[in-house]
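Visitor: Just passing along the structure, written as structure tokens.
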Amino acid sequence: MRRRTPPPPSPLPQRDGVDPVRVRLPDGNAWASVRDHLVARLAAGAEVIDTMLAEGRIVDVTGRPVPRDMAYVPGMFVWFHRELPDEERVPFPLDVVYRDEHVVVADKPHFLATTPRGSHIAETALARLRRQLGIPALGAAHRLDRLTAGLVLFVVRPEERGAYQSLFRDKRVAKEYEAVAPYDPTLELPRTVRSRIVKERGVLAAYEVAGEPNAVSRVELLEHRHGRARYRLTPHTGQTHQLRVHMSALGVPILGDPLYPVVADPVPAGDFRRPLQLLARVMEFTDPVTGRTHRFVSPRVLRAWSSYEEWAG
């Protein structure tokens with residue numbers, strides 16, 4: 001099989017822990033200039049692209065600014081820094097649980113995205129850790145939903161990232177989650193939930209359909225009081241929002257869930273009340289580089305269990 005040639009290194013440094021954007025010009029001759037392709041490809045619009053070119057903010061592999069009239073060259077790479085949106089700072093700490101020369105395990109708070117995406121760029125776990133630890137090459141081995149708190153694995157060396165990502169792809173990471181949700185005395189637990197989940201691009205909520213199951217979750221009751229319960233959730237697959245969908249389908253949606261069972265209106269920016277009561281509690285795996293067996297446990301306490309009035313207030 002033909003190996004893919006890695007892209008050249010960026011001529012631009014990171015900014016606030018965020019990598020510059022890299023664009024490869026595709027094969028073909030549909031555009032007369034680099035500028036024409038960028039205008040057609042990027043959502044920024046012609047005026048913004050023209051300003052960036054005029055100010056020398058789009059560069060080639062050597063770091064030289066790309067002229068506005070530069071002819072289109074298939075396969076060429078260009079780089080630029082995106083304009084960072086005004087982001088509301090997530091006012092909760094990002095704790096480092098473990099660190100060695102190969103990996104960093106962080107305990108992510110609710111509301112903090114794992115990696116730059118959409119409107120969350122500099123205010124993400126990855127960008128924060130790069131700044132906090134001084135590791136510009138740090139990369140994420142997997143993602144955890146922005147609304148979910150808990151353990152996330154990051155990789156120190158880019159050349160080792162594939163080995164750690166394969167742990168998650170090949171289901172060689174044992175994960176346990178904890179959730180707080182309503183207590184239903186008629187719900188028979190423990191049980192294994194199997195269903196087929198579909199997540200459409202551009203649609204906020206995933207949903208279940210008939211067909212061959214692609215999502216499997218183990219649900220166990222840990223304890224209950226005052227009409228609420230603490231559950232242990234063990235996913236055996238990794239579909240988007242899988243645990244949230246399955247808990248909602250059982251009739252005990254996770255407290256604070258803005259999507260299940262009903263999509264709620266968006267909350268104002270800076271509203272960090274009532275976080276989703278879902279926590280990635282345990283992560284266990286054998287390190288593919290060192291051979292060490294790791295087991296990490298988040299010490300976080302879900303507030304709807306420890307202090308419901310404080311969480312709901």
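The values are calculated or read from the model by the stated rules, or taken from the named source; none is laboratory data. Computed from a predicted structure; not experimentally measured. Every residue, glycine as well, gets a Cβ built from its backbone with ideal geometry; the counts of neighbours run over all protein chains shown. What goes into the accessible areas is simple: the full protein's heavy atoms, side chains included, and nothing from ligands, DNA or RNA. Shrake-Rupley method; radii C 1.70, N 1.55, O 1.52, S 1.80 Å.
Visitor: What's log10 of I(q)/I(0) for the chain at q = 0.09, 0.12 Å⁻¹, Debye sum over Cα points only, no solvent?
Guide: Once normalised to I(0) and log-transformed, intensities are -0.57, -0.94.
Visitor: In addition: Grab the eigenvalues of the alpha-carbon gyration tensor for region 1-119, scale each by 5, take roots, and send me the semi-axes largest first in whole angstrom.
Guide: Whole-Å semi-axes of the equivalent ellipsoid: 33, 20, 13.
Visitor: When only C-alpha pairs under 8 Å and at least 6 residues apart count, what is the relative contact order of region 1-72, in percent?
Guide: About 34 percent, as a whole number.
Visitor: Compare Ala264, Ala215, Ala206 in a GNM of the chain, Cα atoms joined below 10 Å, and give the one with the largest fluctuation.
Guide: Ala264
Visitor: For region 35-80, what relative contact order do you get, as a whole percent, if you take Cα pairs closer than 8 Å and at least 6 residues apart?
Guide: Here the relative contact order equals 34 percent.
Visitor: Before anything else, pin down the relative contact order of region 177-313: Cα pairs under 8 Å, at least 6 apart, normalised by residue count, whole percent.
Guide: 24
Visitor: Let me ask something additional. Taking the alpha-carbon centroid of each part, what is the distance from region 20-86 to region 146-169 in angstrom?
Guide: Each part reduced to its Cα centre gives a spacing of 30 Å.
Visitor: Using a 1.4 angstrom probe, figure out how much accessible area region 130-220 has per residue, in square angstrom, rounded to the nearest whole.
Guide: Per-residue value: 53 Å².
Visitor: Per-residue HN-Hα couplings for region 210-222, Karplus 6.51 cos²θ - 1.76 cosθ + 1.60 at θ = phi - 60°, whole Hz, x for Gly and Pro?
Guide: 5, x, 4, x, 10, 9, 10, 9, 9, 10, 10, 8, 8
Visitor: Moving on. Going through region 28-87, which GluC sites (Glu not before Pro) have at most 13 other Cβ atoms within 10 Å and a DSSP loop state?
Guide: Counting only loop positions with at most 13 other Cβ atoms within 10 Å, the GluC sites (Glu not before Pro) in region 28-87 are Glu55, Glu83.
Visitor: Okay, helix-only estimate at 222 nm for the chain: each DSSP H run of n ≥ 4 adds -39500 (n - 2.57), divide by all residues, round to 500 deg cm²/dmol; what do you get?
Guide: Computed mean residue ellipticity for the chain: -4500 deg cm²/dmol.
Visitor: Among Ala106, Ala71, Ala122, which one shows the highest mean-square fluctuation when the chain is modelled as a Gaussian network with alpha-carbon springs under 10 Å?
Guide: Evaluated over the chain, the most mobile residue of the options is Ala71.
Visitor: So which trypsin sites (Lys or Arg not before Pro) in region 211-297 pass both tests, a DSSP loop state and at most 15 other Cβ atoms within 10 Å of the Cβ?
Guide: Arg273, Arg292
Visitor: Would you kindly compute the Cα radius of gyration of region 172-294 and its largest Cα-Cα separation (Dmax), both in Å?
Guide: 15.7, 47
Visitor: Could you derive backbone 3J(HN,Hα) for region 123-131 from the dihedral phi with the Karplus parameters 6.51, -1.76 and 1.60 (θ = phi - 60°), listing whole Hz in sequence and x where the residue is Gly or Pro?
Guide: Calculated HN-Hα couplings, in order: 8, 9, 4, 5, 5, 4, 5, 4, 6 Hz.
Visitor: If you don't mind, there's one more thing I want to ask. With no solvent and one equal point scatterer placed on each C-alpha of region 69-141, evaluate the Debye formula and give log10 I(q)/I(0) for q = 0.12, 0.13, 0.27 Å⁻¹, two decimals.
Guide: Listed by q, the Debye log ratios stand at -0.43, -0.49, -1.36.
Visitor: Find, among the trypsin sites (Lys or Arg not before Pro) in region 54-106, those assigned to loop by DSSP (not H, G, I, E, B) with at most 15 other beta-carbon atoms within 10 angstrom.
Guide: Hits after loop and neighbour filter: Arg68, Arg82, Arg89.
Visitor: Using a 1.4 Å probe on the protein heavy atoms, what percent of the accessible area of the chain belongs to carbon and sulfur?
Guide: Accessible surface attributable to carbon and sulfur in the chain totals 50 percent.
Visitor: Accessible area per residue for region 1-113 in Å², computed with a 1.4 Å probe and the full protein assembly in place, what is it?
Guide: 60
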